[in-house]
1. May I ask you to list the residues in segment 113-134 that are among the aliphatic types (A, V, I, L, M) and in contact with a strand residue (DSSP E or B) (Cβ under 7 Å, 6 or more places away or on another chain)?
2. Collect the residues in segment 281-295 that are of a type in the set (D, E, K, R) and surrounded by fewer than 24 Cβ atoms within 10 Å (Cβ to Cβ), keeping them in residue-number order.
3. Can you pull out every residue in segment 245-275 that is closer than 16 Å to Ala176 by Cα, acidic (Asp, Glu) and assigned to a strand (DSSP E or B)?
4. How many residues are β-branched (Val, Ile, Thr) and modelled with pLDDT of 90 or more when one looks only at segment 326-358?
5. Please note which helices (runs of 4 or more DSSP H) are completely contained in segment 117-216 and include at least 2 residues that are touching a helix residue (DSSP H, G or I) at 6+ places or on another chain (Cβ under 6 Å) and surrounded by fewer than 22 Cβ atoms within 10 Å (Cβ to Cβ).
6. Only one residue in Asp355, Asp340 is part of a loop (DSSP other than H, G, I, E, B) and surrounded by fewer than 23 Cβ atoms within 10 Å (Cβ to Cβ), so which one is that?
Amino acid sequence: MTTLLTPVDLEPAIVGGMLLSAGGSGKGRVEKDRLFGEAAFSLGPVQLTSLDDIDAEAGLLVATAVGAPGGGKHLANPDYSVRAARQLLAAAGAQAGGVIPGHVPGIYAWLVAAALGIPLLDAACNGRGHPTVKMGSLGLSSRPDVRLFQSGVGDNVSLTVNGNAVVTSALMRAAAVQNGGLIMACRGPLKASLIRSAGAMGAISYQLGLGRAVIGAGPSGQAKAEAALQFTRGRSLVSGRVVANTVAYREGFDVGTVTVRGDSGGSEITLGVCNEFMMADAGGKRIATFPDLMAAMDPRSGEVLAISELPEGAPVILFAVSKRDLPMGSGIYDPAIYPDVEQAIGAPLARYALDPHA
């Protein structure tokens, strides 16, 4: 089934995508995503297509960005997204049958779809933000025998690499660091059959549905937050104020913690950050861990807040959604994707994330 997306769909995609970015994006990112979306619609139609309508052998692209949201957010460039895709296809000597985002918001993929005249497929590597290329590698980080291309473009660097997911992902991360914190990127071509078996199916439809629910709740910040909770089947963690934010850019990652104290009763929640919210602790007890979604909203306006938009004293509503209620790729259960993030964040993730019942 194919749905023709229009500019009317852009705002729900941005709102839903901001929430699902898990703190990696917020109100400061909206104009950039709107720029990417408007550029897409200026180039041609954006056709949201089910993977069921794509040949299993078709080669698909993953359009994304590599870097730390705070370290290089000013470097996002629509032209570079398209250049990265064309660069990859030229190196691979291939044609693309469609494109998916690494994770939502994923408006990069809308632009690539319009520019190349290919379908935007209703899937993603993951349905929530993740901090590394390996976390969006659809399980290929444990498949050193599988080779793929990755291409990146930035102000100071342009590269295309070929090899297994671990080696090429490390090179892409290094290139992002050298470019000041971000490069626009593309990887593939990957067979549609792999995306069907390992991808987050329906991720874009879910993103659009969440955005429509929040927008439809009206202007009240509390109503918007309640709509988000109802749609995602999430749970409120705390409503209060930020008492500490230690997150800083270091070697390609935004790393640190955000602590929020509740307005009533003084309860505190501490969120561990590696580009996105990766875990939540209360009283020394782990209460949520990636790939669970943790998100922040302004209780006054209902705007989604990025980690960089949570200074000490800022009012905030925090909520969490179980990984079992999100469209997620099976690659999140690949043990190979966790060690470098655990090292960066200084806390265990895999033993919680790999437990399907946690």
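The values are calculated or read from the model by the stated rules, or taken from the named source; none is laboratory data. The shown structure was predicted, so the numbers you read here are calculated from the model rather than taken from an experiment. For neighbour counting, all protein chains shown are included, and Cβ atoms are generated from backbone atoms with ideal geometry for every residue, glycine included.
1. Scanning segment 113-134 gives Ala113, Ala114, Ile118, Leu120, Leu121, Ala123, Ala124, Val133.
2. We begin by selecting, within segment 281-295, every residue of a type in the set (D, E, K, R); these are 281, 285-286, 292.
Result: Asp281, Lys285, Arg286.
3. Asp254
4. Number of matching residues: 2.
5. Numbers: elements: 165-178, 192-198, 203-215.
Correct list: 192-198, 203-215.
6. Values: Asp340 fails: part of a loop (DSSP other than H, G, I, E, B).
Criteria check complete, one pass: Asp355.
Rundown of residues vs (1) of a type in the set (Val, Ile, Thr); (2) surrounded by 24 or more Cβ atoms within 10 Å (Cβ to Cβ); (3) over 25 Å from Thr2 (Cβ atoms); (4) at pLDDT 95 or above, yes/no style:
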{"residue": "Pro69", "(1), (2), (3), (4)": "no, yes, yes, no"}
{"residue": "Gly72", "(1), (2), (3), (4)": "no, no, yes, no"}
{"residue": "Asp79", "(1), (2), (3), (4)": "no, no, yes, no"}
{"residue": "Gln87", "(1), (2), (3), (4)": "no, no, yes, yes"}
{"residue": "His103", "(1), (2), (3), (4)": "no, yes, no, no"}
{"residue": "Trp110", "(1), (2), (3), (4)": "no, yes, no, yes"}
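Conditions (1) part of a loop (DSSP other than H, G, I, E, B); (2) more than 25 Å from Lys134 (Cα to Cα), marked per residue:
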| residue | (1), (2) |
| --- | --- |
| Val238 | no, yes |
| Met279 | no, no |
| Ala295 | no, no |
| Pro311 | yes, yes |
